[in-house]
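Okay, so here's the structure we're looking at.
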Amino acid sequence: MERSRIQTGMEMTAKERRQVEEQVEQLLSGQGSEVTLCDLGLELSKPATLRKNVTYIVCGIIFNEQEEVLMVQEAKPDCYKQWYLPAGRVEVGESLEEALRREVKEEAGFDCQPITLLLIQEQGPQWIRFIFLARITGGSLKTLAAADQESLQASWWDRQSSLSLRGRDILRLIDYGLRYHRSPWHGASLPLDLSCRHIVQRTLLLFVGAEKRVWILLVQAPTPHLPTAAALKTHAVTWAANMAVQEALPASYYDHDVATLGVLSLQHNGRQHGRTDGVCFNTLAALAPDRPQRDEDGLAAERPAPATPPPVENPRYVWMEVRAPPLREELLRQSQNPTLLPIQSLY
């Protein structure tokens, strides 16, 4: 009986259950909360410090009324006269949005307003690129007469004319931005002004049973809450979700897939160097059985989905079944067809 209670969260009080539901609802609405504790990996992680152990890049995608994209001509010796999106490193004391506005102003001559994050790319916690969609609010296009060490000039590109590009990686980013510009598939998401010392992933980890029952994995103490893990420089940022599953369900881990479905919200402050340079990724992830597509005879294998999640083996954790119908339906929808800010590993 005790094992079953630990697995399903029956020992939680009504107040604790409601507190978890409120946190989940908050994240689903694009909000966040201060990171007051870290459940995993903190002893293997150092505080994020710009210019020392982390680099953040901001990149702006801006279209005009003709759907031409804003480009800048590089002044750096290693890519002189080549073209790229306005982009650059976040400086000490800056928020991500402040860094974007500065880079666009310095390199292209325009004032801009971020609309939403489009995509996050990472190579572990030591290098993360934040791609924004933005709009022009003032200024004027930088010309050769204003060339400096930041850029030679800026121009609007129709994406068809021949242009010497610094890197072809931006073509995919431009396509991404254009598709969102025409038909947004997730709500506008901008960084929340909440401080964090490390780079962490707070994970809303779901298990969906055969009868569309939904469970959430929680850490039990000091009160039931979503697991938070520090990112490790040897792994993708989103490996934090795997860390929680490995600790909670060691015997079941290799029989299941852990998939990060997207970012619910992003928290960053950056005002105090070495103390608030961290980032918290509030993510939605799903745990699903890794069922073979074919049996030992090579025939298509059709195995019914399990009705309940694998049993928790570590008493530190608990599964909580979502009982509130509106919340369960929203979690089911997001697990089946996520409309979230994507995060990509470039490993």
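The values are calculated or read from the model by the stated rules, or taken from the named source; none is laboratory data. On a predicted model such as this, the values are computed, not experimentally measured, just so you know. Reconstructed Cβ throughout: ideal geometry from the backbone, glycine too, with neighbour counts over all protein chains shown. Just the protein is used for accessible areas: all its heavy atoms, side chains included, with ligands, DNA and RNA removed. Shrake-Rupley method; radii C 1.70, N 1.55, O 1.52, S 1.80 Å.
Given R0 = 22 Å, the distance between the Cβ atoms of L178 and A146 translates into a calculated FRET efficiency of 0.20. Counting only DSSP beta bridges whose two residues both lie in the chain, roughly 70 percent are antiparallel.
Within the assembled protein chains, the solvent-accessible surface assigned to R18 is about 100 Å², based on a 1.4 Å probe. Here each label is just a point 7 Å from Cα along the line to Cβ, and for E21 and R168 those points are 5.2 nm apart. Here the 3J(HN,Hα) profile of segment 22-27, calculated from phi with Karplus coefficients 6.51, -1.76 and 1.60 at θ = phi - 60°, is 5, 5, 5, 4, 4, 5 Hz, Gly and Pro shown as x.
If both residues of a DSSP beta bridge must be in segment 82-226, then about 95% of such bridges are antiparallel. Database remark: amide H of A48 closer than 5 angstrom to the amide H of H198, I199, G278 (H placed geometrically; neighbours at sequence offset of 5 or more, or on other chains; Pro and chain starts carry no H). Note that segment 132-142 has calculated 3J(HN,Hα) couplings of 10, 9, 9, 10, 6, 10, x, x, 8, 4, 5 Hz, one per residue in order, obtained from phi through the Karplus relation 6.51 cos²θ - 1.76 cosθ + 1.60 (θ = phi - 60°); glycine and proline are x.
Taking each DSSP H run with n ≥ 4 as -39500 (n - 2.57) and averaging over every residue of the chain yields -6500 deg cm²/dmol at 222 nm. Each residue, D193 and T339, gets one label point 7 Å from its Cα in the Cβ direction; the gap between the two is 2.8 nm. Near the amide H of V322, within less than 5 Å, lie the amide hydrogens of V214, W215, I216, all on another chain or at least 5 residues away, with H placed in the peptide plane. Contact order for the chain, expressed relative to its length and based on alpha carbon pairs under 8 Å spaced 6+ residues apart, stands at 24 percent. Close amide H pairs (under 5 Å, H built 1.01 Å from N) link Q153 with Q73, residues at least 5 positions away or on another chain. Considering only GluC sites (Glu not before Pro) in DSSP loops that have at most 13 other Cβ atoms within 10 Å, the longest stretch of the chain without any of them is 68-210. Taking 0.36 nm per residue of separation and subtracting the current Cα-Cα distance, fully stretching the chain between A210 and T234 would add 5.1 nm.
Take every pair of alpha-carbon atoms less than 8 Å apart whose residues are at least six positions apart; their mean separation over the length of segment 55-182 yields a relative contact order of 33 percent. Within the listed set T49, T238, T36, the residue fluctuating most in the Gaussian network model of the chain (springs between alpha-carbon atoms under 10 angstrom) is T36. Approximating the spin labels as points 7 Å out from Cα along Cα→Cβ, the Q31-to-T13 distance works out to 2.2 nm. For the chain, modelled as a GNM whose springs connect Cα atoms under 10 angstrom apart, the maximal fluctuation among P227, P311, P325 occurs at P325. What the phi angles of segment 81-98 give under the Karplus curve with 6.51, -1.76 and 1.60, with θ = phi - 60°, is a coupling list of 6, 7, 10, 7, 5, x, 7, x, 7, 6, 8, 4, x, 9, 7, 5, 5, 4 Hz, glycine and proline written as x.
In the elastic network of the chain, a GNM with C-alpha springs shorter than 10 Å, the most mobile of A99, A236, A305 is A305.
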